[in-house]
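J.: Right, I'll just put the structure down here and ask away after.
The values are calculated or read from the model by the stated rules, or taken from the named source; none is laboratory data. As the structure is a computational prediction, the values presented were derived from the model and not from experiment. Here the Cβ positions follow ideal geometry from the backbone for every residue, glycine too, while neighbour counts run over all protein chains shown. With ligands, DNA and RNA removed, areas are computed over all heavy atoms of the protein, side chains included. Shrake-Rupley method; radii C 1.70, N 1.55, O 1.52, S 1.80 Å.
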Amino acid sequence: MTPYSNAHASRGFTLIEVMVVLVILGVLIGLVAPNVLGEPEKARIVAAKTDIRTIEGALQRYKLENYNYPSTQQGLAALVSQPSGEPPARNWAGPYLKQVPNDPWQNPYQYLSPGVKGEVDIYSLGRDGRPGGTGPDADIGNWNVDGQ
């Protein structure tokens, strides 16, 4: 048997086979990339909505045990460590969250108690970090997480 027998030749790929694979990969990347590149902002919006729902659930547990939501001054930090001030958290059994996350744009979530749009308002100012806006710059709050 020679060193160039059929058994050895079947172990590698020919140049044509490699080129065909590269062309197929190029076509797939060309078709998929435009759809994937627009998705990061949508994913951040979904993440913000998920965070807001989680924070809202933690606030509801806090209220069940302490009879009130934390004040605006006590803030969302009251979900991580027992707050001082009014209203008192006499039955605090937290932490209700391990930590208060930042929004997907690395800005703190905003909290108002009492809220303007509901009993409490929990919201992100969106990509631009300013009130208002449209698209990824729009505010995302507990009043609109299910409607968008």
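J.: For residue 49, which aspartates and glutamates qualify as cross-link partners when the Cα separation must be under 19 Å and same-chain residues fewer than eight apart are set aside?
T.: 39, 41, 103, 119, 121, 128, 137, 139, 146
J.: For residue 41, what is the net charge nearby, where nearby means another residue's Cβ is under 10 Å from its Cβ and Lys, Arg count +1, Asp, Glu -1?
T.: +1
J.: Calculate the all-directions average of the projected area of the chain's alpha-carbon convex hull, and give it in nm².
T.: Taking the Cα atoms of the chain, their convex hull projects to 15.5 nm² on average.
J.: Right, another one. Give me the 1.4 Å probe accessible area per residue for the chain, excluding ligands and nucleic acids, in Å².
T.: Using a 1.4 Å probe on heavy atoms only, each residue of the chain averages 66 Å².
J.: First compute the accessible area of the chain with a 1.4 Å probe, then give the percent of it belonging to carbon and sulfur atoms.
T.: 60
J.: Right, another one. Distances longer than 11 Å among the Cα atoms of segment 75-122: what percent of all pairs is that?
T.: 72
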